[in-house]
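> Take a look at this one; I'll ask things after.
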Amino acid sequence: MANDVEKPFGAYALAGRRRQLLRWAQSAPAGWLGRRAALILRKAVLSNGPDIVDATVEGLKYRLYTRDNVSERKFLFMPQFFDPYERARLKQTLFDGGVFVDIGANAGIYTLAAAPHVGAAGKVLAVEPNPAVLERLKFNIALNGFQGRVTVAPVGVSDAEGSFDLVLDDSNLGGSSLVAARGANRITVECRTLRALLAQYGLEKIDALKIDIEGAEDKALAPFFREAPEALHSKLLILENSPAAWKIDLPALLKDKGYALEKTTHMNQVWVKSGQDRGAPPS
């Protein structure tokens with residue numbers, strides 16, 4: 001699906017009945033019945049409906065694409081079901097002047113959630129190698145005026161520097177992967193190691209890190225945690241739960257480095273550095 005980053009925000013806003021159905025879906029209560037209701041409402045909006053929607057979600061502006069990226073579609077209609085524990089935990093951890101690293105930033109849902117909490121003195125590094133979603137990420141950052149606190153790195157993260165094939169999932173751009181073959185199309189992307197990337201952007205600490213790179217999390221994190229000084233270890237780590245794809249025992253490595261598994265959700269593992277203040281768990 002072609003991106004549109006030229007038209008002003010609001011050009012793709014829903015109107016009339018579709019706008020009301022979207023509001024109902026976004027306000028559906030948490031739980032099985034609420035999820036079912038939101039899915040039915042989403043289907044009604046998208047039936048012969050729009051491919052692109054401009055909307056304010058949780059107080060932030062987004063241009064979201066409904067046909068080729070599962071995370072954008074889900075977040076638009078069901079933000080209350082989109083990683084609620086993880087995003088609440090992220091907001092608890094970050095503070096004015098904090099640092100958040102988002103590896104596999106996609107269209108920017110985590111990046112934008114973090115940006116208000118690090119403040120003007122803080123930093124968010126959003127890492128995304130896929131050109132299609134990279135363009136959407138940059139657009140959503142600009143919509144909210146976060147260019148001063150969010151830096152976009154248009155690269156992948158792996159265990160070595162160089163050029164690698166990114167296999168594209170044409171039905172779900174967020175499913176594109178350096179290690180999982182989910183489609184016939186592929187592009188060449190530049191990759192950095194995480195330690196080199198942090199050095200490039202002058203980051204000397206990380207308060208929270210989220211990594212969702214479709215099964216390649218071990219390739220990015222293992223060399224980092226084996227070699228990086230402890231000062232660079234994030235207090236909070238939100239890790240896509242993909243153990244079947246990992247070539248090493250990543251949880252064992254994290255425990256060895258002083259992390260404790262706080263929670264396993266539907267999609268992720270949430271790890272906390274031992275000795276850090278965890279705060280009250282999200283309700």
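Only the coordinates and a few stated rules stand behind these numbers; no lab work does. Nothing here was measured: the structure is a model prediction, and the numbers come from that model. Positions of Cβ are generated from backbone atoms using ideal geometry, with glycine treated the same way; all protein chains shown enter the neighbour counts.
> Can you give the log10 of the normalised intensity I(q)/I(0) at q = 0.13, 0.17 Å⁻¹, computed with Debye over equal Cα scatterers of the range 1-125?
Relative scattering, expressed as log10 I(q)/I(0), comes to -0.57, -0.93.
> So if I place +1 on the C-beta of Lys and Arg and -1 on the C-beta of Asp and Glu, and nothing else carries charge, what would the dipole magnitude of the chain be about its Cα centre? I want it in debye, nearest 20.
Its charge dipole is roughly 1100 debye.
> When the Cα centres of the range 84-142 and the range 205-269 are compared, how far apart do they sit, in Å?
When both Cα centres are located, 17 Å separates them.
> What value, in deg cm²/dmol to 500, does the helix sum -39500 (n - 2.57) over DSSP H runs of n ≥ 4 give at 222 nm once divided by the residues of the chain?
Computed mean residue ellipticity for the chain: -9500 deg cm²/dmol.
> Find the all-direction average of the projected area of the Cα convex hull for the range 84-273, expressing the result in square nanometres with one decimal place.
Projected area, direction-averaged: 9.8 nm².
> Within the range 34-134, how many Lys pairs that are eight or more residues apart, or on different chains, come under 22 Å at the alpha-carbon?
Numbers: 43/74; 61/74; 61/91; 61/123; 74/91; 91/123.
Pairs that pass both the separation and distance tests number 6.
> Out of 268, 5, 22, whose Cα points farthest toward the positive end of the dipole of the chain (charges: +1 Lys, Arg; -1 Asp, Glu; placed on Cβ)?
22
> Continuing with the same structure: Report for the chain the percent antiparallel among DSSP-assigned beta bridges with both residues inside it, nearest 5.
The antiparallel fraction comes to roughly 55 percent.
> Taking neighbour counts of Cβ atoms within 10 Å as a proxy for exposure, in what order, fewest first, do 188, 111 appear?
188, 111
> Sticking with this one: Dipole of the range 83-236, Cα-centred, from +1 at each Lys and Arg C-beta and -1 at each Asp and Glu C-beta, to the nearest 20 debye?
400
> Additional query: Where does each of 72, 214, 230 land when they are ranked from fewest to most other beta-carbon atoms within 10 angstrom?
230, 214, 72
> Let me spell out the model: positive unit charges on the Cβ of Lys and Arg, negative unit charges on the Cβ of Asp and Glu, origin at the Cα centre of the range 16-80. What dipole size does that give, in debye rounded to 20?
It works out to roughly 220 debye.
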